[in-house]
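Reviewing the structure listed below.
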Amino acid sequence: MDDVVYGNMGRGLWEDPTVSRQKCRSPAPGPCAEGTSGPRQCWGRRTVLVALGLSATAVLCVIILSVLLARVSQSLTSTRKDLKDFRAELSLATGLQNRSCQLCSTWWLPAQGSCYFFSQAQATWAEAQLLCLASGAHLVVVGDPEEQNFLERNNENRTSWLGLRGIRQLGKIQRYLWVDDSQLIFSYWNQGEPNDEKGVEDCVLMLSTNLWNDAPCDKSYSWICEKKPKC
Ligand code: 2F8
Ligand code: CA
């Protein structure tokens, strides 16, 4: 309630609204300018309390948000670490699986990451290549002396088809190409070979001496297949 001043004009007490005073007798916490009238222009205690309450709530909210943010960040860090561990395990498992790729089927010999089959039977070059393909392989491609040495140790004095043949143009062998389309870089020709005798020697053999010779593709010999093991 506002304080009012009571006057006496002979007819008893009366209220003088013109001298009604504002309630901010003590120094107001906010603007309480002179000349303004009414309690609404003045910051009362309640307003200050509400402001303090709001400030406290805001501070509390900031603290809660900071804690939540810290927890989310912690959780993300932990998830990242889990992912890293998972990747490491996956990489290890893949490595182990690759090692199992060294295994070759029965009758196939492993060497240099490939599996090799040395036939006892005989066939033409084209038949031999088809038989290799039926096993998911191809006639052997001899890439380097190490592979040649491996073949020598296991060919047991047979005469075997290799996966090498001549590219003939205008009746002449122009170059030799492996069945995987790679170029002939390493070779182990017998002396005087390849000679394309009678112009019909398009396919290449490994002789019982282990040296190479070109011979007619329609003759039957043993053969050597090669394949990469599947994982
Ligand atoms: O080594 C010379 C020559 O010997 C044979 O022909 C007589 C070979 N023929 C076959 O193997 C069918 C040639 O290829 C070889 O060059
Ligand atoms: Ca020859």
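Tabulated data for the structure shown
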{"item": "So ASP202, is it in contact with a Gly (Cβ under 9 Å, 6 or more places away or on another chain), away from ligand 1 (no atom under 15 Å from the Cβ) and among the acidic types (Asp, Glu)", "result": "no"}
{"item": "Count - residues of region 189-231 that are outside any loop (DSSP other than H, G, I, E, B) and either within 15 Å of ligand 2 (Cβ to nearest atom) or of a type outside the set (S, T, N, Q) (or both)", "result": "18"}
{"item": "Flag if LEU164 is of a type in the set (A, V, I, L, M, F, W, C), closer than 30 Å to CYS231 by Cβ, within 14 Å of ligand 2 (Cβ to nearest atom) and in a strand (DSSP E or B)", "result": "yes"}
{"item": "Within region 66-115, tally of residues that are among the aromatic types (Phe, Trp, Tyr), modelled with pLDDT of 60 or more and assigned to a helix (DSSP H, G or I)", "result": "0"}
{"item": "Test: residue in region 118-129 that is in a loop (DSSP other than H, G, I, E, B) and within 16 Å of ligand 1 (Cβ to nearest atom)", "result": "yes"}
{"item": "Some residue of region 213-226 being over 38 Å from the mean Cα position of the chain (by Cα) and away from ligand 1 (no atom under 15 Å from the Cβ)", "result": "no"}
{"item": "Condition met for LEU164 (within 15 Å of ligand 1 (Cβ to nearest atom), under 14 Å from TYR221 (Cβ atoms) and either touching a residue at least 12 places away in the same chain (Cβ under 8 Å) or surrounded by fewer than 17 Cβ atoms within 10 Å (Cβ to Cβ) (or both))", "result": "yes"}
{"item": "Search result, residues across region 185-204 that are closer than 21 Å to GLN169 by Cα and surrounded by 15 or more Cβ atoms within 10 Å (Cβ to Cβ)", "result": "GLU193, PRO194, ASP196, GLU201, ASP202, CYS203, VAL204"}
{"item": "Residue match in region 221-228 (condition: surrounded by 15 or more Cβ atoms within 10 Å (Cβ to Cβ) and among the aliphatic types (A, V, I, L, M))", "result": "yes"}
{"item": "Residue within region 167-185 that is assigned to a helix (DSSP H, G or I) and within 14 Å of ligand 2 (Cβ to nearest atom) present", "result": "no"}
{"item": "From LEU139, LEU170, residue being without any contact (Cβ under 8 Å) to a residue 12 or more places away in the chain and either more than 16 Å from ligand 1 (Cβ to nearest atom) or under 39 Å from the mean Cα position of the chain (by Cα) (or both)", "result": "LEU170"}
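The values are calculated or read from the model by the stated rules, or taken from the named source; none is laboratory data. Keep in mind that what you see is a predicted model, and the values were worked out from it rather than measured. Because the Cβ atoms are built from the backbone with ideal geometry, glycine has one as well, and the counts that use them run over all protein chains shown.
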